[in-house]
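Reviewing the structure listed below.
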Amino acid sequence: MINTDNTMNKQSLSESKLADMTPHEFREIVRHGEWSDVNTNVCQGRAQANLVIVPKSLAFEFLLFCHRNPNPCPVIDVTEPGDYHPRFSAPDADIRTDLPKYRVFKNGVIIDEPFDIIQYWDEDSVAFLLGCGTNFDWSLRAANVQYRYIGDYTTNIECVPAGNFHGCMVVSTRLFKSSHDAVRAIQITSRNLAAHGPPIYIGNPNDIGIKDLYHPDMFSFNEPIQPIEPNEIIMSWACGVTPQTVAQSSKTPFMISHYPGHMFVTDKLSEELAIL
């Protein structure tokens, strides 16, 4: 039985223990219903991935969408139809059970937010694992870059359409303490194109359609955002939640995604996917 008491999850597993877990260990506790919470700080240094699953009939169009929009949708792995093991990034994993929480879309509407998707998986299902900004957060912290993540937002930046897939980009936004920290962040994230690469916008968030920075509309840690200081530099990265807004805009017949903040943990080190 899935344990939906996230407070109990946090109390029984300390942040340091979660950070030191191997990907296999973490996927095991998720698979057995022992963790159903946000997992941004688990398995230190390992690449996490956003998830999109579509029927085989839509797989080429979605792959083309990712090719045309590599910032929000950098492809790490793609499964064969019906194969729920991501052979490149985590061969012993099960896409159907190894994420803490999922979203299911039908005709662009969220119809379910389950803890596993066994009932929705069939022989035509194709899974895409897309790079995640969590992967460069480890690197920023290791470089002692001073910043704070405040949330994910829908923008007015239109993605390049492909077939039926179209819609606006989602961004994750961070505030940096100084110009030195901001420049270091650009340098570090530019190396990791598999984790969205460098920021796609720097400056006034109103210019990209973000009306209220204090109220993220896609994802946040549900903590009050402290006032923005005059010297803080606002930078936004493309975000892997983008396909979910695209599914809604496109009224995609059927799609499964990760629930925001509940990503898949691969066996790969984030540095393995970075540019040398």
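Considering only the stretch 45-57, state which residues are crowded, with 20+ Cβ neighbours inside 10 Å and within 20 Å of Phe254 (Cβ to Cβ).
Within the stretch 45-57, Asn50, Leu51, Val52, Ile53, Val54 meet the criteria.
Identify all residues within the stretch 15-64 that are in contact with an Asp or Glu (Cβ under 8 Å, 6 or more places away or on another chain), of a type in the set (A, V, I, L, M) and in a helix (DSSP H, G or I); write none if there are none.
Val30
Take the conditions of a type in the set (Phe, Trp, Tyr), closer than 30 Å to Ile188 by Cβ and modelled with pLDDT of 95 or more and apply them to Phe105. Does it pass?
no
For every residue, the table says whether it meets (1) small (Gly, Ala, Ser); (2) under 24 Å from Gln146 (Cα atoms); (3) modelled with pLDDT of 95 or more.
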| residue | (1), (2), (3) |
| --- | --- |
| Gly209 | yes, no, yes |
| Ile225 | no, yes, no |
| Asn231 | no, yes, no |
| Thr242 | no, no, yes |
| Ser257 | yes, no, yes |
| Asp267 | no, no, yes |
| Glu271 | no, yes, no |
| Ala274 | yes, yes, no |
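Given Phe136, Phe88, which one is surrounded by fewer than 24 Cβ atoms within 10 Å (Cβ to Cβ) and either touching a residue at least 12 places away in the same chain (Cβ under 8 Å) or within 17 Å of the chain's Cα centre (by Cα) (or both)?
One residue alone meets the criteria, Phe88.
When only residues in the stretch 113-129 that are buried (at least 17 other Cβ atoms within 10 Å of the Cβ) and touching a helix residue (DSSP H, G or I) at 6+ places or on another chain (Cβ under 7 Å) count, which is farthest from Lys177 (Cα to Cα)?
Out of the qualifying residues, it is Val126.
Determine which member of the set Val42, Val38 is at negative phi, surrounded by fewer than 22 Cβ atoms within 10 Å (Cβ to Cβ) and within 16 Å of the chain's Cα centre (by Cα).
Going through Val42, Val38 in turn, just one is at negative phi, surrounded by fewer than 22 Cβ atoms within 10 Å (Cβ to Cβ) and within 16 Å of the chain's Cα centre (by Cα): Val38.
Yes or no, residue by residue, for (1) of a type in the set (A, V, I, L, M); (2) part of a loop (DSSP other than H, G, I, E, B); (3) touching a residue at least 12 places away in the same chain (Cβ under 8 Å):
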residue	(1), (2), (3)
Leu175	yes, no, yes
His180	no, no, no
Ala194	yes, no, yes
Gly197	no, yes, yes
Asn206	no, no, no
Asp212	no, yes, no
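Given (1) at pLDDT below 95; (2) assigned by TED's automatic domain parsing to the domain that holds Pro81; (3) of a type outside the set (Val, Ile, Thr), identify the lone condition not met by Gly151.
(2) is the only condition that Gly151 fails.
Any residue that is exposed (fewer than 15 other Cβ atoms within 10 Å of the Cβ) and out of contact with any Lys or Arg (no Cβ under 7 Å at 6 or more places or on another chain) - is there at least one of those in the stretch 193-200?
no
Does the stretch 248-262 include one or more residues that are under 21 Å from the mean Cα position of the chain (by Cα), in a loop (DSSP other than H, G, I, E, B), surrounded by 18 or more Cβ atoms within 10 Å (Cβ to Cβ) and aromatic (Phe, Trp, Tyr)?
yes
The values are calculated or read from the model by the stated rules, or taken from the named source; none is laboratory data. Just so it is clear, the model here is predicted, and its values are computed rather than measured. So basically every Cβ, Gly included, is an ideal-geometry build from the backbone, and we count neighbours across all protein chains shown.
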